[in-house]
Amino acid sequence: MKIKNCMEDFVFQHLDGFLEQNQNICKCEQCKTDIAVLALNRLKPCYVTTEKGDLYTRLDLYETENEVDIFIALGKAIDIVEANPRHVKR
Ligand SMILES: [Zn+2]
């Protein structure tokens, strides 16, 4: 049986939209990954088994339930990475 943290999917799904709204932030792979990791560490994991066919129906449910938290966590993560990118600012 496989398990998966569907919070990862949610965070990556919303990340691009957030970056589009934040023109100042660097959009390189390193910064994007840093933002995702910081956001994920602030969020409760949301584990599901990947066996069932109805996985995606349930993901929608979980996502709606956690949407506000995801937005807040992404906003904070973007602030942190924007202030301290792990590479020299371009
Ligand atoms: Zn960057």
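Note on region 3-83: percent of Cα-Cα distances in each 5 Å bin, starting at 0 and stopping at the bin with the largest distance, equals 3, 16, 28, 22, 15, 11, 5, 2, 0. Structural descriptor for region 3-83: relative contact order 48 percent, calculated from alpha carbon pairs under 8 angstrom and at least 6 residues apart. Of the residues Leu61, Leu38, ranked by 1.4 Å probe accessible area with the largest first, the sequence reads Leu61, Leu38. Solvent exposure of region 3-83 amounts to 61 Å² per residue of accessible area, where only protein heavy atoms count and the probe is 1.4 Å. Checked against a 24 Å cut-off, the cross-linked pairs Lys2/Lys44; Lys44/Lys76; Lys2/Lys32 give Cα-Cα distances beyond that limit for Lys2/Lys32. For Lys4, the aspartates and glutamates whose Cα comes closer than 16 Å to its Cα, not counting residues fewer than 8 places off in the same chain, are Glu51, Asp54, Asp60, Glu63.
Put Arg58, Arg86 in order of accessible area, highest first, and with a 1.4 Å probe you get Arg86, Arg58.
For the chain, carbon and sulfur atoms together expose 51% of the accessible surface, with a 1.4 angstrom probe and every protein chain in place. Helical runs (DSSP H, four residues minimum) scored at -39500 (n - 2.57) apiece and divided by the length of the chain put the mean residue ellipticity at 222 nm at -22500 deg cm²/dmol.
The values are calculated or read from the model by the stated rules, or taken from the named source; none is laboratory data. As the structure is a computational prediction, the values presented were derived from the model and not from experiment. The accessibility values were calculated without ligands, DNA or RNA, using every heavy atom of the protein model including side chains. Shrake-Rupley method; radii C 1.70, N 1.55, O 1.52, S 1.80 Å.
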